[in-house]
Amino acid sequence: MELEHVLPQDIEKRSFEIITKELEEKGICLDEDKAFLIKRAIHTTADFEYANTLCFSENAICKMAELIREGANIVTDTNMGLSGINKTEMRKYGGSVYCFMAEEDVAAEAKERGVTRAVVSMERAAKLPGKVIFAIGNAPTALINLREMYDKRVYIPQFVIGVPVGFVNVEYAKQLIMETDIPYIINQGRKGGSNVAAAICNAVLYEMRKGNL
């Protein structure tokens, strides 16, 4: 192994070249319309399993881009996700990024009701004006709550990015969303995280900036 001399501004480009080469070496052929997003998830995690585990509902990427153009907001379940999503790009379309998890009244209500803060946060997100894209990278209970609201027809999510990481109810929660007609991008299995949720959002935003979506 040798040191690669790469200029700071070229590091990301070089990383994607490596990812593309290694995918070819592994014999993995990505769908052309999804490749940019899957590669960004791999870039964020250095984990090539995302080439096989990321699942998309029909025309998911185009639908997400359309929602952003219509001024949809993004609600995420961690401040890490909030920090990672490119808010400058979102503002170009009139959208904002929210995370309610750390708000004191959310924590107080969750404690009083005996539920997770994610549940209260999703209920709060459902009251936002306009359309909402949910970017869930940590809390499976957020996905479970979204499904419960969907089943009761209390609230129908416009789009769900479901990539919570963990062991308890994670795979079950992801499957709950995939069983519906809600447009989604889901990572099957236990893997995911706030960084992946943010990377998926940014992948779409950057393709929109390039004029490819």
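The values are calculated or read from the model by the stated rules, or taken from the named source; none is laboratory data. As the structure is a computational prediction, the values presented were derived from the model and not from experiment. Glycine also receives a Cβ, built like all others from the backbone with ideal geometry; neighbour counts cover every protein chain displayed.
List of remarks:
- Looking only at the stretch 54-85, residues that are under 19 Å from Asn138 (Cβ atoms) and surrounded by 18 or more Cβ atoms within 10 Å (Cβ to Cβ) come to 11 in all.
- Some residue of the stretch 187-194 being outside any loop (DSSP other than H, G, I, E, B) and surrounded by fewer than 17 Cβ atoms within 10 Å (Cβ to Cβ): no
- Exclusive hit being within 24 Å of Asn212 (Cβ to Cβ), modelled with pLDDT of 95 or more and assigned to a helix (DSSP H, G or I), set Ile74, Ile68: Ile68
- Which listed residue is more than 25 Å from Glu66 (Cα to Cα), among the small types (Gly, Ala, Ser) and part of a helix (DSSP H, G or I), from Ala199, Ala102, Ala108, Ala142: Ala108
- Residue in the stretch 2-58 that is farthest from Ile182 (Cα to Cα), counting only those that are free of Cβ contacts under 8 Å to residues at least 12 places away in the same chain and basic (Lys, Arg): Arg14
- Scanning the stretch 99-139 for residues that are under 19 Å from Val196 (Cβ atoms) and surrounded by fewer than 19 Cβ atoms within 10 Å (Cβ to Cβ) gives no hits.
- Annotation: Gly95 fulfils all but one of (1) farther than 21 Å from Phe36 by Cα; (2) out of contact with any strand residue (DSSP E or B) (no Cβ under 8 Å at 6 or more places or on another chain); (3) part of a loop (DSSP other than H, G, I, E, B); the unmet one is (2).
- Among the candidates Ala125, Ala142, Ala199, the residue that is within 30 Å of Phe48 (Cβ to Cβ) and touching a strand residue (DSSP E or B) at 6+ places or on another chain (Cβ under 7 Å) is uniquely Ala142.
- The requirement of being touching a Ser or Thr at 6+ places or on another chain (Cβ under 8 Å) and outside any loop (DSSP other than H, G, I, E, B) is fulfilled somewhere in the stretch 145-159, by at least one residue.
- When the stretch 151-185 is filtered for residues that are of a type in the set (Phe, Trp, Tyr) and crowded, with 19+ Cβ neighbours inside 10 Å, the ones remaining, listed by number, are Phe159, Tyr184.
- The lone criterion from (1) without any contact (Cβ under 8 Å) to a residue 60 or more places away in the chain; (2) under 23 Å from Glu171 (Cα atoms) left unmet by Ile61 is number (1).
- Count of the stretch 160-182 residues, restricted to those that are assigned to a loop (DSSP other than H, G, I, E, B) and of a type in the set (A, V, I, L, M), is 4.
- Qualifying residue in the stretch 120-132 (condition: closer than 17 Å to Pro157 by Cβ, touching an Asp or Glu at 6+ places or on another chain (Cβ under 9 Å) and not in a helix (DSSP H, G or I)): yes
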